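See structure below.
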């Protein structure tokens, strides 16, 4: 392992704060990615290259072969180390010379497995380099590299919490069971390199010399198939306590919008770190002509008061895709339903993250919206902060700038809105994320100034930060608002906000 000093951590942090990740233009398909700078930085360090067609595949899922190479570089191993390790006696029955697909990764897999950073599957002792990783699995790998994994950590709850406590989720919408993409890998790898010290207080740049940019292509071929989708749902989502209760888990597999018949589908179940695969009526199935496969989960008494995660992976013609849902076992849980819409366009947001965060226990209860932007969440009674997070992408009217305020933020293309939510036992509450947007520019902006946006009728107030050029933007619920400079008593103007549309005030004096 190469332990040479590369660059002082303090200087690295100063450079990142001043300029972001250093630019390294290489790929033709990353200009619209919110993680473009991180992708190009990963490339500039020589950690991961692109596909043979000049693309990076930012939204492609990260597989275990690719993860081994990235982890190897973050540990300080070199290409020469990997070449040497490729000749070792096989550590896994499915990783060896002559294995075919992903053979290029044999040495990297051996290196990281020898260091116990990436482990095999207990089910068959294999490594399964073709499988994708959940975000919590990738987070565990980064924590092991940085020395932040502790004995006795419960899977996955403690890993979810530690990942976020360390700040490794900086800039990404974190949900443990979701698949990690190559662009999210790049973002989290850069965060691990430059912003998170290891257990000894050093940054990776203190002790590792990265290889630098290397011309060429990634050994892993570009995916040949696109448009594969998977959705999963459990019904009912809330089950009584006592054990013996059943929920039907249904998965739908589509390719380019059409149902896929005969797809292999694998289910798993876990209740707050405890495997529950035996509680599934079947763990493996094939989709029918409608692209559907199903299994039944039967609760145990030990599930009482717990959230049961149901994961699903589908395989179609060499491609795979994963998704997850959750059941809640309780007699007095609160139910929260809602719809998440883009504040600029009013379009429903599929795959938005809805997190009911408990500020006392620091526990996140994360749910995802379906294709129609809807979600249903079951949680114990309590006082929560509900967070809505999603990627803005190429939303019309969004200028790709950062904005922030008292209860929201738009940073690197990621939208966040939050508000408190108190829930009583058995209560059913609807909580939509359906604001409109207010934009404007204050000509006489000074450092530290904020705008106060006060709704007529209930005086609900949102504070909006001013950028250096005086611009601001804020998501607001529908209604009439007076627009103040914070601390002043006379409003500059009054404006009407309509959900899903933009009200642009232009220049304000």
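The values are calculated or read from the model by the stated rules, or taken from the named source; none is laboratory data. Since the structure is predicted, the reported quantities are computational estimates derived from the model, not experimental observations. Methodologically, a virtual Cβ is constructed for each residue, glycine included, from the backbone with ideal geometry; neighbour enumeration extends over all protein chains shown.
Results, tabulated for the structure shown:
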| quantity | calculated |
| --- | --- |
| Selection within the range 110-123 - in contact (Cβ under 8 Å) with a residue 12 or more places away in the chain and more than 19 Å from residue 143 (Cβ to Cβ) | 110 |
| The range 260-280: number of residues that are farther than 24 Å from residue 302 by Cα and buried (at least 20 other Cβ atoms within 10 Å of the Cβ) | 3 |
| Positions within the range 71-101 being under 25 Å from residue 212 (Cβ atoms) and assigned to a loop (DSSP other than H, G, I, E, B), in sequence order | 75, 76, 77, 78, 86 |
| Residues of the range 479-500 that turn out to be within 22 Å of residue 396 (Cα to Cα) and loosely packed, with under 15 Cβ neighbours inside 10 Å, as a count | 2 |
| Flag if residue 60 is in contact with a helix residue (DSSP H, G or I) (Cβ under 6 Å, 6 or more places away or on another chain), in contact (Cβ under 8 Å) with a residue 12 or more places away in the chain, more than 23 Å from residue 198 (Cβ to Cβ) and assigned by TED's automatic domain parsing to the domain that holds residue 163 | yes |
| Answer from 97, 179 - the residue that is at pLDDT below 90, within 27 Å of residue 314 (Cβ to Cβ) and touching a helix residue (DSSP H, G or I) at 6+ places or on another chain (Cβ under 9 Å) | 179 |
| Some residue of the range 234-257 being at pLDDT below 90, loosely packed, with under 15 Cβ neighbours inside 10 Å, in contact with a strand residue (DSSP E or B) (Cβ under 7 Å, 6 or more places away or on another chain) and closer than 30 Å to residue 381 by Cα | yes |
| Residue list for the range 149-158, filter: in contact with a helix residue (DSSP H, G or I) (Cβ under 6 Å, 6 or more places away or on another chain) and either under 17 Å from residue 189 (Cβ atoms) or surrounded by fewer than 21 Cβ atoms within 10 Å (Cβ to Cβ) (or both) | 149 |
| Qualifying positions in the range 6-57 - part of a helix (DSSP H, G or I) and at pLDDT 80 or above | 36, 37, 38, 39, 40, 41, 42, 43, 44 |
| Residue under evaluation residue 163, criteria (1) at pLDDT 90 or above; (2) surrounded by fewer than 22 Cβ atoms within 10 Å (Cβ to Cβ); (3) more than 15 Å from residue 71 (Cα to Cα), criterion not met | (2) |
| Residues satisfying the stated conditions in the range 65-89, i.e. touching a residue at least 40 places away in the same chain (Cβ under 8 Å), in contact with a helix residue (DSSP H, G or I) (Cβ under 8 Å, 6 or more places away or on another chain) and within 21 Å of residue 192 (Cα to Cα) | 65, 66, 67, 68, 70, 71, 72, 74, 75, 76, 77 |
| Enumeration of residues in the range 169-180 that are part of a loop (DSSP other than H, G, I, E, B) and under 26 Å from residue 269 (Cα atoms) | 169, 172, 173, 174, 175, 176, 177, 178, 180 |
| The range 449-460, subset farther than 19 Å from residue 506 by Cα and modelled with pLDDT under 95, residue surrounded by the most Cβ atoms within 10 Å (Cβ to Cβ) | 460 |
| Sole residue being closer than 20 Å to residue 432 by Cα and free of Cβ contacts under 8 Å to residues at least 24 places away in the same chain, chosen from 333, 350 | 350 |
| Sole exception among (1) free of Cβ contacts under 8 Å to residues at least 24 places away in the same chain; (2) farther than 28 Å from residue 261 by Cβ for residue 305, by number | (1) |
| Count of residues meeting criterion [within 26 Å of the chain's Cα centre (by Cα) and over 18 Å from residue 67 (Cα atoms)] in the range 176-200 | 6 |
| Matching residues, the range 373-391, being at pLDDT 90 or above, part of a loop (DSSP other than H, G, I, E, B) and either touching a strand residue (DSSP E or B) at 6+ places or on another chain (Cβ under 6 Å) or under 16 Å from residue 173 (Cβ atoms) (or both) | 381 |
